[in-house]
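The values are calculated or read from the model by the stated rules, or taken from the named source; none is laboratory data. Note that the coordinates shown come from a computational prediction; the quantities given were computed from them, not determined experimentally. Neighbour counts are summed over all protein chains in view; Cβ atoms, including those assigned to glycine, are modelled from backbone coordinates with ideal geometry. Surface areas here come from the heavy atoms of the whole protein model, side chains and all, with no ligands, DNA or RNA. Shrake-Rupley method; radii C 1.70, N 1.55, O 1.52, S 1.80 Å.
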Amino acid sequence: RKGSVLFHSKHGFFFLIMALHFLEFDYSEDHEGTCTWDGLASATAERRPDLLREITALLAWACAAFGEQRGSGTHHGVDFKAPEGVPVRTTLGGRVNRIDWNPEYNGRCVEIDFCGYREIFLHLDEISAGVSPGRTVEQGAQIGTVGNTGRSYASHLHYQINDPNDNP
């Protein structure tokens with residue numbers, strides 16, 4: 001829910017991690033007990049940089065709290081399990097910097113610049129028509145579909161935001 005991120009400890013206590021101003025989450029379970037967290041971002045065009053900072057802070061916390069070491073380094077993004085073919089949309093929109101770099105590791109991929117911040121989407125099955133370097137994509141535009149390409153062992157989306165200093 002909007003307002004804060006709470007973390008539940010194994011001792012039954014909840015801890016306030018951070019206040020949220022633009023993000024809202026909804027929890028649901030299907031009849032088989034599979035849970036889903038859906039996120040919704042809401043901000044005016046003028047407040048989009050603030051929204052991006054909030055998303056970046058939340059992802060940084062999630063990676064620090066739940067990230068894992070991989071090989072010689074840390075996994076810097078968040079992996080969202082999803083079936084192949086599920087639409088992938090940009091969070092903020094912006095200018096496409098590059099696509100399909102380092103395909104052996106990243107698979108099909110897209111990098112989008114917004115005010116110096118970079119959204120990175122890896123392991124896509126397909127990249128949408130019109131998504132190419134130098135093109136502008138609107139906030140919420142579909143940029144591709146979830147896949148299992150590159151160094152990937154199951155269908156998922158790797159999502160990452162790097163700041164203007166290239167820090168994840």
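Looking only at residues of the range 59-83 that are open to solvent by less than 40 Å² (accessible area, probe 1.4 Å) and within 19 Å of Gly140 (Cα to Cα), we find that the one that is modelled with the highest pLDDT is Ala82. A single entry from Arg53, Arg89 fulfils the requirement of being in contact with a Gly (Cβ under 7 Å, 6 or more places away or on another chain) and either at pLDDT below 70 or not aromatic (Phe, Trp, Tyr) (or both): Arg89. For the range 117-151, a tally of residues being in a loop (DSSP other than H, G, I, E, B) and in contact with a helix residue (DSSP H, G or I) (Cβ under 9 Å, 6 or more places away or on another chain) returns 4.
Are there any pairs with C-beta distances below 7 angstrom linking a residue in the range 108-124 that is farther than 15 Å from Leu52 by Cβ to a residue that is open to solvent by 30 Å² or more (accessible area, probe 1.4 Å) and aromatic (Phe, Trp, Tyr), with the two at least 6 apart or on different chains, and if so which? These pairs meet every condition: Cys109/Trp101.
Only one of the numbered conditions (1) in contact with a helix residue (DSSP H, G or I) (Cβ under 7 Å, 6 or more places away or on another chain); (2) β-branched (Val, Ile, Thr); (3) crowded, with 20+ Cβ neighbours inside 10 Å is not met by Ile112, and that is (1). Under the condition of being surrounded by 18 or more Cβ atoms within 10 Å (Cβ to Cβ) and of a type in the set (A, V, I, L, M, F, W, C), which residue from the range 133-168 is farthest from Arg47 (Cα to Cα)? By that ranking, first place goes to Val146.
Out of the range 84-98, which residues are within 13 Å of Asn148 (Cα to Cα) and either open to solvent by 90 Å² or more (accessible area, probe 1.4 Å) or touching a Pro at 6+ places or on another chain (Cβ under 7 Å) (or both)? Matches in the range 84-98: Glu84 only.
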